[in-house]
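> Pasting a structure below so you can have a look.
The values are calculated or read from the model by the stated rules, or taken from the named source; none is laboratory data. What you see is a predicted model, and the numbers here were worked out from it, not measured in a lab. Cβ placement follows ideal geometry from the backbone for every residue including glycine, while neighbour counts extend to all protein chains displayed. Surface areas here come from the heavy atoms of the whole protein model, side chains and all, with no ligands, DNA or RNA. Shrake-Rupley method; radii C 1.70, N 1.55, O 1.52, S 1.80 Å.
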Amino acid sequence: MPQATATAAEGTRDGAEGAGGAAGAAAGARVGVGTGTGTGTAPAQGSDFAPLLRAVRGQGLLERRTGWYAAGIVVNLAALGAVITGMVLLGDTWWTLLLALPLAIFWSRTAFVGHDAGHAQITGDRGAGRAIGLVHANLLLGMNEAWWNDKHVRHHANPNHIDKDPDVGVGALVWTQKQAAQREGFARWLTRNQARLFFPMLLLEGIALKISGFQYLRQQPARERALSALLLVAHLGLYATLLLTVLSPGKAIVFALVHHALFGLHLGMAFAPNHKGMEMPDPDGERWGHLQRQVLTSRNVRGGILTDWFLGGLNYQIEHHLFPSMPRPHLRLAQPMVRAHCASLGMPYAETGLIESYRQALHHMHEVGEPLR
C-alpha cells in the first residue's frame, strides 16, 4: 500500500499503540490517542486502553504472521488461476458465466489481502507491503490502492464521525437526518428509499471502485501516479484480453457486468455490518478517547470459520479498529480479552449475528430517510 499509509500502520503497531492509543486503520502514527485529531482524548479515557494493550501485546497477538499470509496468498492465486483455467477450457459458451461467481469470491479474497497489506499486518517491510498492495489492488483488481488507503485511513481515525469519516459523508447514500434534509430531486427520492435500494446499489460498487481509483490519480504525486496508472491500465488490458480471447464480445460484456456486480455485492456485504447503525460521535459534543471512539462505533458479527472466511476477518471489527496492525488470524484470539475489558469498564460491546447486523444497518438507513416519506 502507499508508503505513507504503511508508515502510519507501522506507527500504530510500534509507536502509537505503545503510547496508549492505536489509531485507526493504518493511521496510528498520524492519529493516535492524544494527537489532537479532532475527537481527541481525555487522559482518563486514554488510560482505559493501556491495560488492554499490555495484555494483548503480552500474549504476542501483535506479532505478524507473515507465513500465514504467504500461504493464504499462494492458495488464493492458485484459486484464481484455476477459475481462469476453467474459463479457457469451457470456452465461448454461456456456461462460462457460472464462473463469474467464484471469480468474484476470490477477487474479494484478493481485496482482503490488499486491505491487510495496507495495515502493515503482513510484513514490517514497507516496500514489500506496498508491493503486495499494488499487485493485489491495482493489478489484480483494477482498484487504486492509494485511493482506498487515503479513504480508509481517515475512516479508521474517526469512525462514524460525520465531519471526518468519508464513509459517512454525503454520497449516493446519507447517514443522518440532517444530511437527508438537504437532498433534492432524484437524490431526495433515493434517500427516501435507500434502505430497500442498498443491496441493489451494491451491484454497482465493483465498477464504482475502478472509477474512483482512476479519478484519484490526479491527487497522487507524479511518480506514484505513473506506477498506479500503469498497473490499473495493465489490469484492464489483461482482463479484456482474457474475456475477449475466451468469449465472444457480447458474452464478454455480460460476464464482466455479472462478475463486477457479484464482486461489489460480496465486498458490500463484508463492510456493511461494521459501522452502519452504530454510535455517531457528536462533532460538538464530548471528545472521545481511542477505546470509546473505536468500540462504540463498531459492531462485531458472530460466527465460525465460514463467517471469518466470508467476511475476511472484518467480522471482528471492534478488535480490528482497536489494533489495526493485528494480523487477521489473531483477531479471534483477542476478542475475549477485549470483550472482558469492555465489560469491566461498563462499556457496551456490540455483537450480533450476520442477518441481524444487516437488519440493524438497514433499519438505520430507513430511519434516516423517514422525514422525507
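> Among residues belonging to the stretch 327-356 that are among the aliphatic types (A, V, I, L, M) and part of a loop (DSSP other than H, G, I, E, B), point out the one that is farthest from VAL153 (Cα to Cα).
In this case the residue turns out to be MET347.
> If PRO324 meets every condition in (1) assigned to a helix (DSSP H, G or I); (2) modelled with pLDDT of 95 or more; (3) not aromatic (Phe, Trp, Tyr) apart from one, which number is that one?
(1)
> Quick one: count up the residues across the stretch 357-373 that are in contact with a Lys or Arg (Cβ under 9 Å, 6 or more places away or on another chain), more than 21 Å from GLN182 (Cα to Cα) and either in a loop (DSSP other than H, G, I, E, B) or open to solvent by 40 Å² or more (accessible area, probe 1.4 Å) (or both).
1
> Taking the conditions exactly as written (modelled with pLDDT of 95 or more, within 26 Å of LEU262 (Cβ to Cβ) and in contact with an Asp or Glu (Cβ under 8 Å, 6 or more places away or on another chain)), does GLY142 satisfy them or not?
Answer is no for this residue.
> Being open to solvent by less than 40 Å² (accessible area, probe 1.4 Å) and assigned to a helix (DSSP H, G or I) is true for just one of LEU230, LEU238, LEU217. Which residue is that?
Every option except LEU217 fails the conditions.
> I would also like to ask the following. Kindly indicate whether PHE106 is open to solvent by 20 Å² or more (accessible area, probe 1.4 Å) and in a helix (DSSP H, G or I).
Criteria met by PHE106.
Here is a yes/no grid of residues against (1) charged (D, E, K, R); (2) crowded, with 16+ Cβ neighbours inside 10 Å; (3) in contact with a Lys or Arg (Cβ under 7 Å, 6 or more places away or on another chain); (4) at pLDDT 50 or above:
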site	(1), (2), (3), (4)
GLU17	yes, yes, no, no
GLY21	no, yes, no, no
THR35	no, yes, no, no
GLY60	no, no, no, yes
LEU77	no, yes, no, yes
THR93	no, no, no, yes
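> Would you tally the residues in the stretch 281-316 being in a loop (DSSP other than H, G, I, E, B), farther than 30 Å from ASN76 by Cα and at pLDDT 95 or above?
Looking only at that region, the number is 2.
> Here's another thing I want to ask about it. Are there any pairs with C-beta distances below 6 angstrom linking a residue in the stretch 189-205 that is closer than 9 Å to ALA261 by Cα to a residue that is hydrophobic (A, V, I, L, M, F, W, C), with the two at least 6 apart or on different chains, and if so which?
LEU202/LEU265; LEU203/ALA261; LEU203/LEU265
> Another question, then. State the number of residues belonging to the stretch 260-299 that are closer than 17 Å to TRP175 by Cβ, hydrophobic (A, V, I, L, M, F, W, C) and either touching a His at 6+ places or on another chain (Cβ under 6 Å) or open to solvent by 10 Å² or more (accessible area, probe 1.4 Å) (or both).
4
> If I filter the stretch 148-206 down to residues being closer than 26 Å to TRP288 by Cα and of a type in the set (Lys, Arg), which single residue comes out as most open to solvent (accessible area, probe 1.4 Å)?
LYS178
> If you take the residues in the stretch 314-330 that are more than 30 Å from PRO283 (Cα to Cα) and within 15 Å of the chain's Cα centre (by Cα), which one is least open to solvent (accessible area, probe 1.4 Å)?
PRO327
> May I ask you to say which residue of THR41, THR12 is part of a loop (DSSP other than H, G, I, E, B), under 18 Å from LEU291 (Cβ atoms) and either open to solvent by less than 10 Å² (accessible area, probe 1.4 Å) or at pLDDT below 95 (or both)?
Result: THR41 is the single residue among THR41, THR12 that is part of a loop (DSSP other than H, G, I, E, B), under 18 Å from LEU291 (Cβ atoms) and either open to solvent by less than 10 Å² (accessible area, probe 1.4 Å) or at pLDDT below 95 (or both).
> Take the conditions modelled with pLDDT of 95 or more and either under 20 Å from the mean Cα position of the chain (by Cα) or not in a helix (DSSP H, G or I) (or both) and apply them to ALA82. Does it pass?
Answer is no for this residue.
> If I ask for residues that are touching an Asp or Glu at 6+ places or on another chain (Cβ under 8 Å) and either assigned to a loop (DSSP other than H, G, I, E, B) or over 19 Å from ILE318 (Cβ atoms) (or both), which ones from the stretch 155-179 would you list?
Within the stretch 155-179, ASN158, PRO159, ASN160, GLN177 qualify.
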